[in-house]
Amino acid sequence: MADWDDDIASMDLTNGEKNGLQVFRNYQRAFEDYREKELSASISREDYDTADLTRVVSLVCSEDLRSIPVIACAFADDLLGAMFRTALPDGVIGGKSSLFGSYGPLSSFFHRVQLSQVFALISSDLAETLNVLRKERNKISHTWDLSKLDNAFFDQELIRKFPVNDVLGVAIGSIDDIESDRDASVIFRLNVIWLLSRLFYETICFHRAKSARLDPHKVLYGSNHPKLLNTVSSVAIAASKKLLSTDK
């Protein structure tokens, strides 16, 4: 057996020791692959209603730009709240509802985003982008002269923070390439569509992979991913195509 992984081949071990280590690693991989498939199958057996996701990404395509951070944050807040209610263990002192009360640690959108990152219940880049979106929402809610906000939230950080081309490149399905000179407002809308779609998917699946002691990114986006990824991607792709077709 000389078919070793590169790191095992480079070790100062006898051939027999390398063979034994490789057999152990292959067993680990096979067992992990089996567990990933089992978890994905379990998630795929459940029904998930994507009607609200479809509605919100449609709003992202059509509503005034200045309302999008407000709409997106409200939807994200609901998703995170539902995730915590599902992921938190039963028997919490004072009950789960107390955590969402006026003085509870999950009482605000900011705290839900913050704790979702602290406990790695969603991808870190999603939490960071949600926080940027939250800041822009706050600017809108505290500014009386909205004309000053026409270009405030899609000219710099939000476009760089969540590059839509990277997401579309790995999405299940196909979509026309996005021209580099596409209007910044369109890229902003696309970013929000994919941000909310990924968040919808991860708030359902991410914590379940962690609870199973599996790598969430590998389970959710690898070859053994749940069918829900296809469903959510289809919603995002349809909204993206609609947006790009109306922008021509």
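The set of residues in region 94-104 that are open to solvent by 70 Å² or more (accessible area, probe 1.4 Å) and either in contact with a His (Cβ under 8 Å, 6 or more places away or on another chain) or part of a helix (DSSP H, G or I) (or both) contains only Ser97.
Annotation note: Cβ proximity below 8 Å between a residue of region 211-236 that is over 22 Å from Glu32 (Cα atoms) and touching a residue at least 60 places away in the same chain (Cβ under 8 Å) and a residue that is among the basic types (Lys, Arg) and surrounded by 21 or more Cβ atoms within 10 Å (Cβ to Cβ) (sequence gap 6+ or interchain) occurs for Val232/Arg198.
For region 106-134, the set of residues classified as outside any helix (DSSP H, G or I), touching a Lys or Arg at 6+ places or on another chain (Cβ under 9 Å) and open to solvent by less than 70 Å² (accessible area, probe 1.4 Å) consists of Leu106, Ala120, Leu121, Ile122, Ser123, listed by residue number.
Applying a threshold of 6 Å to beta carbon distances and a minimum spacing of six or more residues, or different chains, the list of pairs starting in region 33-47 at a residue that is farther than 10 Å from Leu214 by Cβ and ending at one that is of a type in the set (D, E, K, R) and open to solvent by 40 Å² or more (accessible area, probe 1.4 Å) reads Ser44/Lys227. The residues on offer are Phe162, Phe206, and the sole one that is modelled with pLDDT under 85 and crowded, with 23+ Cβ neighbours inside 10 Å is Phe162. Residue check: is Asp52 within 17 Å of the chain's Cα centre (by Cα) and not hydrophobic (A, V, I, L, M, F, W, C)? When the stated conditions are applied, Asp52 passes them. Considering region 79-93, the residues that are touching a residue at least 24 places away in the same chain (Cβ under 8 Å) and of a type outside the set (Gly, Ala, Ser) include one that is surrounded by the fewest Cβ atoms within 10 Å (Cβ to Cβ), namely Thr86. Those helices (runs of 4 or more DSSP H) of region 1-70 in which at least 3 residues are open to solvent by less than 30 Å² (accessible area, probe 1.4 Å), farther than 29 Å from Glu136 by Cα and not small (Gly, Ala, Ser), considering only elements entirely within it, cover 15-44. Tell me whether region 13-28 contains one or more residues that are in contact with a helix residue (DSSP H, G or I) (Cβ under 8 Å, 6 or more places away or on another chain) and within 23 Å of Val232 (Cβ to Cβ). No: zero hits.
The values are calculated or read from the model by the stated rules, or taken from the named source; none is laboratory data. Values in this document were obtained by computation on a predicted structure and should not be read as measured data. FYI the Cβ positions are ideal-geometry reconstructions off the backbone, even for glycines, and counts take in every protein chain you see. We work out accessible area using only protein heavy atoms, side chains counted, and drop any ligands, DNA or RNA first. Shrake-Rupley method; radii C 1.70, N 1.55, O 1.52, S 1.80 Å.
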